[in-house]
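K.L.:
Got a structure for you, written out below as structure tokens; questions coming shortly.
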């Protein structure tokens with residue numbers, strides 16, 4: 001394990017993991033030898049979470065429509081956290097906050113933060129993220145504790161970015177896809193879909209899938225990657241013009257907080273002093 005002011009670097013076998021606690025506890029890079037597993041940047045060169053290999057999603061994932069929601073009889077707003085002109089807030093708050101290192105050794109690290117009520121989220125919580133690196137892969141876990149006096153809505157997840165190579169391919173099994181409004185990009189209706197099995201260059205998704213089961217598999221000419229999680233929703237983002245794609249384990253449907261029954265779509269009403277936990281495993285081998 002090596003550290004400097006802004007980075008933590010772990011090694012196990014051929015795998016190397018670089019973290020930037022100060023940039024939303026994001027993964028600057030994950031490499032198998034010299035081959036990037038996630039979209040990877042040397043930690044000193046990383047400019048922000050949006051350019052990282054992965055960052056945590058808490059206390060909600062994806063879009064919160066028009067930066068407002070009603071919860072237990074009260075109206076709340078959130079401030080812009082993506083681009084000033086963008087109408088929604090995105091990915092929660094934890095990716096925009098500096099975290100502290102509470103433990104680090106050769107193959108593991110624990111990062112923590114305390115979110116205080118602010119313009120981005122009207123509740124207080126503690127969040128812990130643990131990274132455990134082994135020669136065959138990476139396991140990441142999140143634990144959110146509600147330290148507010150009020151019950152708060154909570155969702156968790158991760159936002160991994162994968163490099164798009166010439167033969168990149170995705171395979172997932174699920175039960176449904178949430179269609180999105182082409183203008184607002186907010187979910188509108190659920191349609192049945194048993195999964196995805198195709199080359200990334202032919203896909204154009206920015207959707208949340210539910211009923212995810214088994215492993216999400218990413219394979220290309222260099223690597224075979226398997227993603228498993230305690231979470232049963234998956235956001236798949238395959239922008240045709242970009243050199244990356246995303247396969248994101250999440251706990252709830254995008255914008256579930258504005259749906260008639262948020263709990264039915266995965267959002268948790270977390271009472272004071274209670275915790276919500278999740279994990280994600282990324283296993284990797286050479287193709």
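The values are calculated or read from the model by the stated rules, or taken from the named source; none is laboratory data. Because the structure is predicted, anything quoted here is derived from the model rather than measured. Backbone-built Cβ (ideal geometry, glycine too); neighbour counts: all protein chains shown.
K.L.:
Could you list, in sequence order, the residues of the stretch 215-232 that are outside any strand (DSSP E or B) and under 17 Å from the mean Cα position of the chain (by Cα)?
P.N.:
Hits for the stretch 215-232 are 230, 231, 232.
K.L.:
Pairs please, first residue from the stretch 261-283 and on the phi < 0 side of the Ramachandran plot and without any contact (Cβ under 8 Å) to a residue 12 or more places away in the chain, second anywhere and surrounded by 14 or more Cβ atoms within 10 Å (Cβ to Cβ) and in a strand (DSSP E or B), Cβ atoms under 8 Å, 6+ apart in sequence or on different chains.
P.N.:
That search, which allows pairs on different chains as well, returns 263/269.
K.L.:
Mind checking which residues of the stretch 133-154 are closer than 22 Å to residue 38 by Cβ and outside any strand (DSSP E or B)?
P.N.:
135, 136
K.L.:
Another question, then. If you take the residues in the stretch 165-206 that are in a helix (DSSP H, G or I) and surrounded by 14 or more Cβ atoms within 10 Å (Cβ to Cβ), which one is nearest to the chain's Cα centre (by Cα)?
P.N.:
So, considering only residues that are in a helix (DSSP H, G or I) and surrounded by 14 or more Cβ atoms within 10 Å (Cβ to Cβ), the one nearest to the chain's Cα centre (by Cα) is 200.
K.L.:
Separate question: Just to be sure I understand the filter: pairs with C-beta atoms under 7 Å, separated by 6 or more residues or on different chains, first member in the stretch 187-213 and free of Cβ contacts under 8 Å to residues at least 12 places away in the same chain, second member part of a loop (DSSP other than H, G, I, E, B) and surrounded by fewer than 15 Cβ atoms within 10 Å (Cβ to Cβ). Which pairs pass?
P.N.:
Partner pairs satisfying both residue conditions: 188/181.
K.L.:
List the residue pairs whose Cβ atoms are under 7 Å apart, where the first residue sits in the stretch 1-23 and is closer than 20 Å to residue 136 by Cβ, the second is at pLDDT below 95, and the two are 6 or more positions apart or on different chains.
P.N.:
9/1; 9/2; 10/1
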